[in-house]
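*Asks:* The structure follows.
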């Protein structure tokens, strides 16, 4: 296929692989550059609400994902101050039917594996592992992208370059070197355990959200409900980049001490044998996500706090909108690409900023203490489950 229909995607994470499939579905040839020699687990569980899952379903991934995903029956909102549940938001198959797409929880590796399998099966996608983006030059014929594998360098002509290479993006650093990740002051601890390790009443198909003083805890089933994913968010000063540094379980247990947290929450913490941790970084708002024929996608453009469970969802949405804008570009693809990418950035930036604000606000609400925590619990009870769920409609009902 001619260079005028070739798009290079840097990064084979969830956003990059979804972008490759979305662009290939629109008739583009896609080359995906990934510096890792093989795709391995990064993180543990994730939540895919209908705004994201319907994109994956439309890409033909339902059968690949449904066997490993779990459709939670409810989101249980728990309060450390109250000692237990204060609200139960119904989900399940009925909610999926209303939204026109499932609400799934799953292991991140299962999603990435399904995306990679679909990419490998597609004749117009070339996934190059152990091959990283190094440089890019614009010219009359489009872009020349330099990639490196070991000591060997290779040049490739393309109509566009998409930086989907995460919060420490090399493509973003090429475009906007002044934009650097910022440590949020929060650390995410994650662990998994076999579902058989917990009493049956704690392994139901549900998402548990525990809100407490200066910290919160989330637990839900993954891997076809054989495992439970546990994530604890706590303040701290440790801020090493990366997804999977070892963590001292005693440090976390001290944070969730008995005088502040009820026994059920402490049981979840104590049931995990091995903890990994990652420092939560964010990006300052970037006024432009594109420069000519180069665009940013996912965490490379808008890394956010995970408290709205929309990090993966926003990257998946980005991919779908990017492909739509590129496919709607009239005339010469090389001449039309900069305008198409600008449309993509304009369409995405406002929504993503709103989701980022919602995530920050929810994090503050989760971590309230004293009288403010009491007021929060009373407000949630008074609002009721249906109104609480309706507050998410603007996220879940989005469509390309």
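*Asks:* Which of (1) buried (at least 18 other Cβ atoms within 10 Å of the Cβ); (2) farther than 19 Å from residue 286 by Cβ; (3) under 26 Å from the mean Cα position of the chain (by Cα) does residue 334 not meet, given it meets every other one?
*Replies:* Unmet for residue 334, out of (1) buried (at least 18 other Cβ atoms within 10 Å of the Cβ); (2) farther than 19 Å from residue 286 by Cβ; (3) under 26 Å from the mean Cα position of the chain (by Cα): (3).
*Asks:* Ok, one more. Condition first: farther than 24 Å from residue 257 by Cβ and either over 22 Å from the mean Cα position of the chain (by Cα) or surrounded by 21 or more Cβ atoms within 10 Å (Cβ to Cβ) (or both). Now tell me which residues in the stretch 182-200 satisfy that.
*Replies:* Once the filter is applied, which keeps residues that are farther than 24 Å from residue 257 by Cβ and either over 22 Å from the mean Cα position of the chain (by Cα) or surrounded by 21 or more Cβ atoms within 10 Å (Cβ to Cβ) (or both), the stretch 182-200 yields 194, 195, 196, 200.
*Asks:* Based on this model, can you work out whether residue 70 counts as modelled with pLDDT under 95 and crowded, with 17+ Cβ neighbours inside 10 Å?
*Replies:* yes
*Asks:* While we're on this one: Go through the stretch 250-269 residue by residue and tally those that are out of contact with any strand residue (DSSP E or B) (no Cβ under 9 Å at 6 or more places or on another chain), touching a residue at least 12 places away in the same chain (Cβ under 8 Å) and farther than 23 Å from residue 86 by Cα.
*Replies:* Just the residues of the stretch 250-269 that are out of contact with any strand residue (DSSP E or B) (no Cβ under 9 Å at 6 or more places or on another chain), to begin with: 250, 253-254, 257-259, 263, 266-267.
Pick out the ones that are also touching a residue at least 12 places away in the same chain (Cβ under 8 Å) and you get 253, 266-267.
Of the ones still in play, those that are also farther than 23 Å from residue 86 by Cα are 253.
Final tally of qualifying residues: 1.
*Asks:* In the stretch 155-166, which residues are touching a strand residue (DSSP E or B) at 6+ places or on another chain (Cβ under 6 Å) and under 19 Å from residue 313 (Cα atoms)?
*Replies:* Once the filter is applied, which keeps residues that are touching a strand residue (DSSP E or B) at 6+ places or on another chain (Cβ under 6 Å) and under 19 Å from residue 313 (Cα atoms), the stretch 155-166 yields 162, 163, 164, 165.
*Asks:* Another question, then. Please go through the stretch 1-23 and give me each residue that is in contact with a helix residue (DSSP H, G or I) (Cβ under 6 Å, 6 or more places away or on another chain) and either at pLDDT below 95 or in a loop (DSSP other than H, G, I, E, B) (or both), ordered by number.
*Replies:* Across the stretch 1-23, the qualifying residue is only 4.
*Asks:* Can you tell me which condition residue 159 does not meet? The list is (1) under 20 Å from residue 279 (Cα atoms); (2) crowded, with 21+ Cβ neighbours inside 10 Å; (3) touching a helix residue (DSSP H, G or I) at 6+ places or on another chain (Cβ under 9 Å); (4) modelled with pLDDT of 95 or more, and all the others hold.
*Replies:* Among (1) under 20 Å from residue 279 (Cα atoms); (2) crowded, with 21+ Cβ neighbours inside 10 Å; (3) touching a helix residue (DSSP H, G or I) at 6+ places or on another chain (Cβ under 9 Å); (4) modelled with pLDDT of 95 or more, residue 159 violates only (1).
*Asks:* Could I ask something else about it? Which numbered condition in (1) surrounded by 17 or more Cβ atoms within 10 Å (Cβ to Cβ); (2) at pLDDT below 95; (3) within 30 Å of residue 374 (Cα to Cα) is the only one that residue 43 fails?
*Replies:* For residue 43, the failing item is (3).
*Asks:* Looking at the structure I just gave you, is residue 109 out of contact with any strand residue (DSSP E or B) (no Cβ under 8 Å at 6 or more places or on another chain), in contact (Cβ under 8 Å) with a residue 60 or more places away in the chain, closer than 30 Å to residue 366 by Cβ and outside any strand (DSSP E or B)?
*Replies:* yes
*Asks:* For residue 143, only one of the following conditions fails: (1) surrounded by fewer than 17 Cβ atoms within 10 Å (Cβ to Cβ); (2) over 23 Å from the mean Cα position of the chain (by Cα). What is its number?
*Replies:* With respect to (1) surrounded by fewer than 17 Cβ atoms within 10 Å (Cβ to Cβ); (2) over 23 Å from the mean Cα position of the chain (by Cα), residue 143 is out only on (1).
*Asks:* For the stretch 285-304, does any single residue satisfy the condition of being free of Cβ contacts under 8 Å to residues at least 12 places away in the same chain and not in a helix (DSSP H, G or I)?
*Replies:* yes
*Asks:* Let me ask something additional. Return a yes/no flag: does the stretch 167-182 have any residue that is more than 21 Å from residue 293 (Cα to Cα) and out of contact with any strand residue (DSSP E or B) (no Cβ under 9 Å at 6 or more places or on another chain).
*Replies:* Yes: the stretch 167-182 contains one or more residues that are more than 21 Å from residue 293 (Cα to Cα) and out of contact with any strand residue (DSSP E or B) (no Cβ under 9 Å at 6 or more places or on another chain).
*Asks:* Exactly one of these conditions fails for residue 379: (1) over 26 Å from residue 96 (Cα atoms); (2) out of contact with any helix residue (DSSP H, G or I) (no Cβ under 6 Å at 6 or more places or on another chain); (3) part of a loop (DSSP other than H, G, I, E, B). Give me its number.
*Replies:* Failing condition for residue 379: (3).
*Asks:* Taking interchain pairs and intrachain pairs at least six residues apart, which have beta carbon atoms under 9 angstrom, with the first residue in the stretch 199-213 and at negative phi and the second assigned to a loop (DSSP other than H, G, I, E, B) and loosely packed, with under 15 Cβ neighbours inside 10 Å?
*Replies:* 212/369; 213/369
*Asks:* It is to be established whether one or more residues within the stretch 220-229 are more than 27 Å from residue 70 (Cα to Cα), buried (at least 16 other Cβ atoms within 10 Å of the Cβ), in contact with a strand residue (DSSP E or B) (Cβ under 6 Å, 6 or more places away or on another chain) and in contact (Cβ under 8 Å) with a residue 40 or more places away in the chain.
*Replies:* Residues of the stretch 220-229 more than 27 Å from residue 70 (Cα to Cα): none.
No.
*Asks:* Next question. All but one of (1) within 21 Å of the chain's Cα centre (by Cα); (2) touching a residue at least 60 places away in the same chain (Cβ under 8 Å); (3) buried (at least 17 other Cβ atoms within 10 Å of the Cβ) hold for residue 399, so report the exception by its number.
*Replies:* Failed condition: (3).
*Asks:* Residue under question is residue 174, and the condition is that it be over 22 Å from the mean Cα position of the chain (by Cα), in contact (Cβ under 8 Å) with a residue 24 or more places away in the chain and either buried (at least 16 other Cβ atoms within 10 Å of the Cβ) or assigned to a loop (DSSP other than H, G, I, E, B) (or both); does it hold?
*Replies:* On the way: over 22 Å from the mean Cα position of the chain (by Cα): yes; in contact (Cβ under 8 Å) with a residue 24 or more places away in the chain: yes; either buried (at least 16 other Cβ atoms within 10 Å of the Cβ) or assigned to a loop (DSSP other than H, G, I, E, B) (or both): yes.
Considered against the rule, which asks whether it is over 22 Å from the mean Cα position of the chain (by Cα), in contact (Cβ under 8 Å) with a residue 24 or more places away in the chain and either buried (at least 16 other Cβ atoms within 10 Å of the Cβ) or assigned to a loop (DSSP other than H, G, I, E, B) (or both), residue 174 comes out as yes.
The values are calculated or read from the model by the stated rules, or taken from the named source; none is laboratory data. Just so you know, these numbers come straight off a predicted model, no measurement behind them. Note: ideal-geometry Cβ built from the backbone for every residue, glycine included; neighbour counts use all protein chains shown.
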